[in-house]
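Below is one structure; the comments refer to it alone.
FYI, it's all coordinate maths here, none of it is from the lab. A quick note: this is a predicted structure, and the numbers were derived from the prediction, not measured. Don't worry about glycine lacking a Cβ; one is built from the backbone with ideal geometry, like all the others, and counts go over all protein chains shown.
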Amino acid sequence: MSGPQHQITLYFDLVSSFSFLCFATLLTHPLFTQKNVVVTFIPVSIGVIIRQSGNSPPIIPGRKSAKQDYLVRDFARRARVLGVPVLKGLPKGFPGGFDSKPLLRILLVLQQDFGEEVYVGAIEKFYKALWQDGVDFTAPTISKTLLSSLNLPGNPELNSIIEKAESEEITELLNRNTQEVLGQGGFGLPWIKAHPLLVGLIIAVNTKGETDTWWGVDQLTQVAGFLELDWPEGAIEKDPKIRHML
């Protein structure tokens, strides 16, 4: 890849619905799939981030609130605008019914042992299972079920992947990733950092070496502006609605 690269880093947790929308957009939207844009996805624990940043959970188990009702509606609305299919309502056991950290650690193992393509494909598969298909993530066999759906190369022993995900090394890696967000002033997800030429939480770094951070999928328009991204040739003519899908 020649020339300067815009680097985008998205910090995500599987239980963050808006992180799913951000992930799907960065993966498919023509502004972010250009050859001069490099996107990195980093798993983190939203629960730790909320607690250690002094923030309050947007949705609290067993408690109904006007904010919770609004967020559920807003998730569906933003999904429609972005063209991302999602289930109606909330997944089974959400919020608070399951711990996403074991699955986040499994993703880190997949990245280490099978490479970036398998890793990103697994993130997409896990996200769609939860937020599109409504798979029961409270099931005790969910880790093996999701791993089985990946058709991993070499037919590895799935239990060995699950065991490695519980190792001190992988646990510490997830902790370090989470502390990165807190160190950047993060308090929720998705967190995006951009360095015109870097983005993700959201982190972005532009071609000038400048860096900035954003919180929320609704900030992707600002990320694109910060990176001074141009529309790919013919993208708007092919689909005029695409300019409104951020």
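Quick notes on this structure:
- Calculated FRET efficiency, S56 to Q179, Cβ-Cβ distance, R0 = 25 Å: about 0.80 to the nearest 0.05.
- In the chain, helices alone account for a calculated mean residue ellipticity at 222 nm of -13500 deg cm²/dmol, with every DSSP H run of four or more residues adding -39,500 (n - 2.57).
- Förster-model FRET efficiency, 41 Å R0, Q5 and K144, C-beta, rounded to 0.05: 0.65
- Straight-distance crosslink candidates among lysines, where the alpha carbon sits under 24 Å from K144 and sequence neighbours closer than 8 are dropped: K92, K101, K125, K128, K164
- Cβ crowding within 10 Å ranks W214, W231 as W231, W214, fewest other Cβ atoms first.
- Ordering L182, L130, L108, L147 by the number of other Cβ atoms within 10 Å of each residue's own Cβ, fewest first, gives L182, L108, L147, L130.
- Charge context of F98, other residues only, Cβ under 13 angstrom, K/R +1, D/E -1: -1
- If both residues of a DSSP beta bridge must be in the stretch 6-244, then about 45% of such bridges are antiparallel.
- Surrounding net charge for F18, when Lys and Arg each add one and Asp and Glu each subtract one, Cβ distance under 10 Å: -1
- Estimated dipole of the stretch 6-244 in Debye, rounded to 20 [Cβ of Lys and Arg +1, of Asp and Glu -1, Cα centre]: 960 debye
- Amide H to amide H, with H built 1.01 Å from N, V37 comes under 5 Å of H6, counting only residues 5 or more places away or on other chains.
- Förster-model FRET efficiency, 41 Å R0, N155 and K35, C-beta, rounded to 0.05: 0.75
- Farthest toward positive dipole pole in the chain [+1 Lys/Arg, -1 Asp/Glu at C-beta], among L173, T33, P91: P91
- Once exposed loop GluC sites (Glu not before Pro) are cut out (DSSP; at most 16 other Cβ, 10 Å), longest piece of the chain: 1-156
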